[in-house]
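Let me begin by presenting the structure, written as structure tokens, before commenting on it.
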Amino acid sequence: MDRSLIVDLGLSIRPSEQFRPRPCVFFSDRRQLADEVQISASDPDNRATTAITFLCNPSDPFFFTMAYTLASWLGRLFDAGKSFLPLQGNYINALLEQELPGEREGTLTVRDNRTGSKYTIPIVRNSVPAMGFRQICVDRAGKSPRQQFEEGLRVIDPGYRNTAVKMSSITYINGNEGIILYRGHPLASVIGKSYEEITHLLIWGSLPTPEQRLRFQRRISQAMLVVPENVKQLVATFPRTTPPMVVLGAILTGYLADQPELIPAHAGANLYSRRPEMVDEQIIRTLAITAVASSLAHCHMTGQTFREADPNLTYIENILYMGRFVDNNPAVTREKAAEILTKAWSLYADHEMTNSTSAFLHTSSTLADPLSSMTSCAMAAYGLLHGGAIDAAYRGMRDIGGVENVPKLIEKVVNKECRLSGYGHRIYKQLDPRAKYVREMLEELTRDRDIREMDPVLQVAMEIDRIASTHEYFVKRNLQANADLYGSFVYTALGINSQFATVLAACSRVSGVMAHWKEQTERAPDLWRPLQVYVPN
């Protein structure tokens with residue numbers, strides 16, 4: 001419906017009406033009440049118009065009812081002629097203007113060979129809006145414009161292999177050229193910065209001043225001090241052999257039970273959408289809770305006593321302190337471990353629209369709270385085709401036995417008798433910019449130390465990398481060590497149990513996930529609800 005009707009009559013129009021022909025009301029003189037009123041209705045492309053001009057007193061309350069009744073009648077009149085009024089792209093493209101802001105690079109012309117009709121769809125940042133294809137409809141006869149829209153052409157993309165679900169200003173990745181940018185900052189420029197600085201950059205768009213960084217650090221540390229008794233009791237109920245990621249998810253749920261008033265459905269209100277102060281508070285709380293959760297899980301599995309956070313420590317220092325992750329490793333101090341993890345986590349703080357990040361946003365698109373969404377994120381990250389692949393690949397390398405078996409394994413891979421876990425990446429086809437930093441960290445941690453005493457699997461992994469990095473088969477195909485997998489060996493080189501590689505990797509990604517959530521809450525709510533193409537048996 002045309003905006004003029006809403007402005008002049010103050011009517012509230014249901015979204016479902018936006019795809020119908022537009023009944024419009026125009027006053028002959030908007031500066032004052034007039035006695036001549038024209039009501040018109042036109043098809044979405046303004047190719048046909050019907051108008052009624054009549055005399056009345058707009059100050060008469062009866063006028064409003066009459067005007068809307070006539071306008072609606074005209075809309076139905078156009079529905080009666082729907083077979084002659086095809087739903088045109090101009091109308092849909094106008095709707096897309098608000099959803100896809102930005103300069104148009106051009107247009108895509110689509111010819112439907114079933115009907116011979118042509119359609120125009122805008123191109124924005126080398127992408128086309130999928131909704132633009134809904135204007136393509138085979139059978140228009142006997143159908144209203146809205147029916148035409150609902151039965152329009154759909155785009156099927158199993159696994160979202162070529163589907164972008166949002167426009168974002170957070171992280172840019174070019175897998176072919178090996179480029180990662182955080183808010184426009186090259187990855188190399190943020191290596192060595194604190195986790196608080198990188199988190200602030202991702203979430204709020206700028207590197208913090210020293211004062212802002214310290215204030216941010218202390219706010220998170222203070223939030224870490226809140227550990228509900230029910231959460232501690234919940235952790236104690238799990239067998240010590242429970243997978244740490246399972247415990248992590250349970251702890252997140254435990255915190256939900258402690259403050260149910262922060263759950264929108266329970267509160268009966270939209271608590272976060274376009275409420276930046278509330279969102280920022282929950283970002284601090286979520287960062288703190290995930291740090292506490294990983295620490296509680298580690299202490300429970302190793303039978304150690306959990307320590308409360310120290311407000312004077314950094315985020316990563318507090319995780320190591322609370323969870324006692326390196327307390328039993330005389331070869332690595334907590335300070336050294338914090339230095340290594342600070343560098344490692346800067347590599348993994350965000351990786352654009354990963355499966356787990358999209359799982360978070362899919363859940364939060366329902367206006368769910370961040371902890372519920374983070375639980376979805378964590379469990380998605382534990383899937384075998386995502387973060388869980390780290391655990392699976394680790395076990396696969398352990399089954400190799402020892403370094404003496406590596407040459408035979410490489411030979412089998414070359415002969416296509418088996419696959420090599422931990423090599424190749426879905427995104428990086430040429431160079432993974434994170435790989436060299438992972439190698440540097442591993443070399444630093446293993447220098448002057450017997451790797452066999454650290455982790456036998458690490459010794460196998462480094463031998464695989466040594467041979468494969470110079471082998472013609474791998475070099476020719478640009479197959480390199482997967483930085484996600486080899487990054488997990490940084491944890492084992494620090495003396496941390498391999499089962500916690502996935503947990504700590506998930507913690508390193510929370511800052512990026514929170515940045516995407518904040519970006520999502522700044523926009524109008526939009527429920528992520530994919531379609532399907534029904535296929536009869």
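The values are calculated or read from the model by the stated rules, or taken from the named source; none is laboratory data. Keep in mind that what you see is a predicted model, and the values were worked out from it rather than measured. Neighbour counts are summed over all protein chains in view; Cβ atoms, including those assigned to glycine, are modelled from backbone coordinates with ideal geometry. Surface areas here come from the heavy atoms of the whole protein model, side chains and all, with no ligands, DNA or RNA. Shrake-Rupley method; radii C 1.70, N 1.55, O 1.52, S 1.80 Å.
For the stretch 265-275, backbone phi angles converted through the Karplus equation (6.51, -1.76, 1.60; θ = phi - 60°) give residue-by-residue couplings of 5, 5, 6, x, 8, 7, 8, 10, 4, 6, 10 Hz, Gly and Pro being listed as x.
Remark: the Cα gyration tensor places the stretch 110-230 in the prolate category, a/c being 1.5 or greater and a/b exceeding b/c. Would you mind getting me the FRET efficiency between Gln233 and Glu444? Use the beta-carbon distance for r and R0 = 30 Å, nearest 0.05. The pair Gln233/Glu444 has a calculated efficiency of 0.15. By the gyration tensor of its Cα atoms, with a ≥ b ≥ c the square roots of the eigenvalues, what is the shape of the stretch 159-232: rounded for a/c under 1.5, prolate for a/b over b/c, or oblate? Cα axes put the stretch 159-232 in the oblate bin. Over all orientations, the stretch 196-248 has a Cα convex hull whose mean projected area works out to 5.0 square nanometres. What number comes out for the charge environment of Phe306, summing +1 per Lys or Arg and -1 per Asp or Glu over other residues with Cβ under 11 Å away? For residues surrounding Phe306, the net value is +2.
For the stretch 363-416, the extents of the C-alpha atoms along the principal axes are 53, 21, 9 Å, listed from largest to smallest. If you plug the beta carbon distance of Leu181 and Leu367 into 1/(1 + (r/R0)^6) with R0 = 25 Å, you get a FRET efficiency near 0.25.
Within the stretch 428-461, find all residues whose amide N lies under 19 Å from a label point positioned 7 Å from the Cα of Thr302 along Cα-to-beta-carbon. Residues 445-446, 453-458 qualify, since their backbone N sits under 19 Å from the label point. Straightening the chain between Ile284 and Lys166 buys 40.1 nm, computed as 0.36 nm per residue apart minus the Cα-Cα spacing. P(r) for the stretch 429-537, from all Cα pairs and a bin width of 5 Å, is 2, 9, 15, 16, 13, 11, 9, 8, 8, 6, 3, 1, 0 %, short bins first. For Gly383, the shell of other residues with beta-carbons less than 15 Å away shows a net charge of 0, using +1 for Lys and Arg and -1 for Asp and Glu. Note on exposure: Arg240, Arg183 ranked by accessible area (1.4 Å probe, complete protein assembly) read Arg240, Arg183, with the most exposed listed first.
Residue separation of Glu150 and Ala392 scaled by 0.36 nm, minus their Cα-Cα distance, works out to 82.8 nm of gained length. In this structure the amide hydrogen of Thr171, modeled in the peptide plane, comes within under 5 Å of the amide hydrogens of Arg183, none closer than 5 places in sequence on its chain.
Taking label points 7 Å from Cα along the Cα-to-Cβ direction, Asp399 and Val246 give a separation of 2.1 nm.
The slack between Tyr473 and Asn174, meaning 0.36 nm per residue of separation minus the straight C-alpha distance, is 105.2 nm.
Which GluC sites (Glu not before Pro) in the stretch 406-488 sit in a loop by DSSP (not H, G, I, E or B) and have at most 12 other Cβ atoms within 10 Å of their own Cβ? Counting only loop positions with at most 12 other Cβ atoms within 10 Å, the GluC sites (Glu not before Pro) in the stretch 406-488 are Glu417.
Extents of the stretch 336-459, taken as max minus min of Cα coordinates on every principal axis and listed largest first, are 54, 40, 28 Å.
Rounded to the nearest whole Hz, the Karplus-based 3J(HN,Hα) values (6.51 cos²θ - 1.76 cosθ + 1.60, θ = phi - 60°) of the stretch 391-400 follow the sequence 4, 5, 5, 4, 5, x, 5, 5, 6, 5, with x at glycine and proline. Pairs over the 30 Å Cα-Cα cut-off, from the set Lys118/Lys429; Lys336/Lys429; Lys336/Lys412; Lys436/Lys476: Lys118/Lys429; Lys336/Lys429; Lys336/Lys412.
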